[in-house]
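What follows is a single structure, written as structure tokens, with notes after it.
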Amino acid sequence: MSEELKDQATLILIKPDGLKKSLTGNILTRLSETKLEIVAAKMVRVSKELAEEHYKHLKDKPFFGELIKFIRGELHDRKKVMALVYWGDGAIKKCRELAGATNPEEAEATSIRGSYGRITTGGVYENVIHVSSDPREAEREIKLWFTPEEIIVDLYPTKEATEKEIKKKTWA
Ligand code: UDP
Ligand code: MG
């Protein structure tokens, strides 16, 4: 196995349509077939900035505006996504295979997107799950969605920084 495939990481998002359709359990069960390890997980309220940065490769597409609304939960009355990092050999290929093709109508019927996705009248593919497309994208996305402390293994090099006078919420 090539170095790049070993201990690979991928970002997984359960998108707002997946949450609204109560598919979290089904999707996580399907992904467990990969025998990969979940090394980070959280619920996220997606800001406009995070959404636009995440999908920046699509910013010139006609559906970009709708896509940003979609991932922010504005089409589903569910203003959150579940973000996870899956880790292990060949993680990206394994998860993308289970997810199926981007277009849910073209995705294999038994794949996650083929089973649960749909295309809206506005032309957005509501495909219930995001999986990183390659190791570079995975690194960019994982660093965008998670801090090093939220991930239980050392995926990428870190540095120590002392932050002074940063206002943080703590338990009262
Ligand atoms: N998308 C869409 N219409 C398209 C292409 C993409 O609505 O013609 C949406 C869809 O939700 C997709 C996301 O934009 O998952 C990101 O697109 P990308 O090409 O990166 O596909 P993915 O990596 O998610 O399969
Ligand atoms: Mg992609």
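Per-structure values
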item	result
Of LYS42/LYS93; LYS20/LYS93; LYS42/LYS80, pairs whose Cα-Cα distance is over 21 Å	LYS42/LYS93; LYS20/LYS93
Length-normalised contact order of the chain in % [C-alpha pairs under 8 Å, at least 6 apart]	32 percent
Listed residues LEU11, VAL46, ASN103: farthest to the positive end of the dipole of the chain (Cβ charges)	VAL46
Dipole of the chain, positive end: most advanced residue of THR170, TYR125, THR158 [Cβ charges, Cα centre]	THR170
R0 of 25 Å, Cβ-Cβ distance GLU108-LYS159: FRET efficiency to nearest 0.05	0.05
Student exercise, segment 23-76 dipole from Lys, Arg, Asp, Glu Cβ charges, in Debye to nearest 20	60 debye
Cα centroid of segment 100-172 to Cα centroid of segment 52-81, whole Å	13 Å
Residue order, fewest to most beta carbons within 10 Å, for THR34, THR29, THR120	THR29, THR120, THR34
Distant alpha-carbon pairs in the chain (separation over 30 angstrom), percent	18 percent
Dipole magnitude of the chain about its Cα centre (Cβ charges: Lys, Arg +1; Asp, Glu -1), debye to nearest 20	740 debye
In Hz, Karplus ³J(HN,Hα) per residue of segment 44-55 (6.51, -1.76, 1.60; θ = phi - 60°; x = Gly, Pro)	10, 8, 8, 6, 4, 4, 4, 4, 5, 6, 4, 9
Per-residue ³J(HN,Hα) for segment 135-149, Karplus 6.51 cos²θ - 1.76 cosθ + 1.60, θ = phi - 60°, Hz, x for Gly and Pro	x, 5, 5, 4, 4, 4, 6, 4, 5, 6, 8, 10, 8, x, 5
Derived scalar couplings ³J(HN,Hα) [segment 71-88; Karplus, 6.51 cos²θ - 1.76 cosθ + 1.60; whole Hz; x for Gly, Pro]	6, 7, x, 6, 8, 10, 6, 9, 7, 6, 10, 9, 10, 9, 10, 9, 9, x
Restraint check, LYS35/LYS61; LYS59/LYS79; LYS143/LYS168, Cα-Cα greater than 24 Å	LYS35/LYS61
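Here, each number is a calculation from the coordinates, and none is a lab measurement. Keep in mind that what you see is a predicted model, and the values were worked out from it rather than measured. With ideal geometry, Cβ positions are generated from the backbone for all residues, glycine too; neighbour counts draw on all protein chains shown.
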